Amino acid sequence: MTLIIQPTQMQATKSAVLILEDGTEFRGRSFGYDGSTAGEVVFNTAMTGYPESLTDPSYEGQILVTTFPQLGNYGVPPSGGDDSLKDYYEGSRIHCRAIIAQDYAFHHSHWLAERSLADWLKEEKIPGIYDIDTRALTKHLRTHGSMLGKIIVEGCDDVEFYDPNAENLIALTSCAEPVVYDAPGADPKPFTGTLEAAPDGKKTVVLVDCGIKHNIIRCLLARGVRVVRVPWNYDFSGIPADGLFISNGPGNPDFATATVENIRKAMNAASPKPICGICMGNQLLAKAAGASTFKLKYGHRSHNQPVRRLGSEKCFVTSQNHGFAVDSDTLPEGWEPLFVNMNDGTNEGIRHKSLPFFSAQFHPEASSGPRDTEFLFDEFIALL
């Protein structure tokens, strides 16, 4: 049998252009939904994991540039599970405004693939463009910083630039109502305001959803706890829980003032419970402690960010996706950095010196990326 691969240039595609806010243009071809869009242009250096990245709520409002040359070669897995916890995705829908690649594989191959990436993008009305010099584009963003951009596809109307960091993306991506997960694979149940005793002596964790990746829920459930998932601004002080977990999320942490106040109340309780945060959770825990955050020049978005655990010689390769960071110099007395980024020295986690509070800026749940730091979930569970 002879397999004939149709060259990319023979596909009937429309022209498209990426226009950055500084006027720089990158011209390519459309392979996704033929429509115009705008957002913050960021780049990710990962080699795999585009289904997870596209559905990661932390990418809400962003145009994702992939530095790995080819995209779409293994298609898209099935969308199993319910909207609150997908089997293979990190959210219930695509959160990126668009995706950009150097080359798109019009013929995919993977035993789990249900459809092509192009078909999925068209179904969710997300533009995708290829034949872009992503090396030049990435160098431009590294030099000048992440910036606003818009994609105009041939025959489509122009659009205005859009700054996702100017609105509360956490409120946009958080769940609307609290739900309870009793076990892996079990359907979530509405939380009515009261909790029955957990079966088999299970511990209960309140999970604040700031735009959560689904694998955080999977990692907690796999460790035998009951999870009560609540919206970003929900007052969880009345829930009889053994610990508090603060999720990742998109955008500017300054918008999450309600979350910060609720975390601060938990920290100041007479008998404070263990608290852990991931990504946005790291920033919100720091703000609740009294520290400040700042916007990074072009963020950390990759599978290969090296972080060192302070007080040790251990260095871990981590999956990351964030555009803001904690200013370690503003941590108040009683707090200290837990991890540091070995590339640029920025904060990658904090902890309290005497109370059971800690967080990580990177993603120990990975999905996609290395799972070298998944032990942090075990450290949190051990505190309960």
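What follows is calculated from the coordinates using simple rules that are stated; it is not laboratory data. Owing to the predicted nature of the structure, the values given are computational and were not obtained by experimental measurement. FYI the Cβ positions are ideal-geometry reconstructions off the backbone, even for glycines, and counts take in every protein chain you see.
What the table shows:
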item: Pairwise label distance in nanometres, K203 with E21, each label 7 Å out on the Cα-Cβ vector; result: 4.3 nm
item: Shape metrics for the chain, restricted to C-alpha atoms - Rg then Dmax, Å; result: 21.0, 72
item: For R264, net neighbour charge (Lys/Arg +1, Asp/Glu -1) across residues whose Cβ lies under 14 Å away; result: +1
item: Table column - 3J(HN,Hα) (Hz), the stretch 145-151, Karplus curve with 6.51, -1.76, 1.60, x for Gly and Pro; result: x, 4, 9, 6, x, 9, 10
item: FRET efficiency estimate (nearest 0.05) - Cβ-Cβ, D157 to T48, R0 56 angstrom; result: 0.95
item: Surrounding net charge for L384, when Lys and Arg each add one and Asp and Glu each subtract one, Cβ distance under 12 Å; result: +2
item: The chain: antiparallel DSSP beta bridges as a percent of all, rounded to 5; result: 60 percent
item: Extended-chain gain in nm, criterion 0.36 nm per residue less alpha-carbon gap, M342 and N268; result: 23.4 nm
item: Dipole of the stretch 340-384, positive end: most advanced residue of H363, F375, H352 [Cβ charges, Cα centre]; result: H352
item: Cleavage-rule hits, trypsin sites (Lys or Arg not before Pro), the stretch 178-225, DSSP coil, Cβ neighbours within 10 Å at most 10; result: none
item: Cα centroid separation - the stretch 44-72 against the stretch 264-338, whole Å; result: 23 Å
item: Neighbour-count ranking [beta-carbon atoms within 10 angstrom, fewest first] of R135, R371; result: R135, R371
item: Added length on full extension, which subtracts the Cα-Cα distance from 0.36 nm per residue, E177 to E374; result: 68.1 nm
item: Sequence-separation-based contact order of the chain, relative, with Cα cut under 8 Å and 6+ spacing, percent; result: 15 percent
item: Over the stretch 13-166, relative contact order from alpha-carbon pairs under 8 Å, at least 6 apart, %; result: 37 percent
item: Sites E313 and Q11 - FRET efficiency at Förster radius 51 Å, r taken between beta-carbons, to 0.05; result: 0.50
item: Listed residues D209, D34, D83, most fluctuating in the chain (Gaussian network, C-alpha, under 10 Å); result: D83
item: Test item: Cα-centred dipole of the stretch 13-166, Lys/Arg +1 and Asp/Glu -1 on Cβ, debye; result: 440 debye
item: Label-zone membership for the stretch 149-186, site T257, 7 angstrom Cα→C-beta point, backbone N under 17 Å; result: 166-172
item: Candidates per trypsin sites (Lys or Arg not before Pro) in the stretch 286-363, loop by DSSP, up to 14 other Cβ within 10 Å; result: K314, K353
item: Proximal charge balance of G311 [Cβ under 13 Å; K/R count +1, D/E count -1]; result: +3
item: Segment A166-H107, extension gain: residue separation times 0.36 nm, minus the distance between their alpha carbons; result: 17.4 nm
item: Distance between modelled label sites at D34 and D82, nm, 7 Å Cα→Cβ extension; result: 3.9 nm
item: Per-residue ³J(HN,Hα) for the stretch 324-331, Karplus 6.51 cos²θ - 1.76 cosθ + 1.60, θ = phi - 60°, Hz, x for Gly and Pro; result: 10, 9, 7, 7, 4, 5, 9, 5
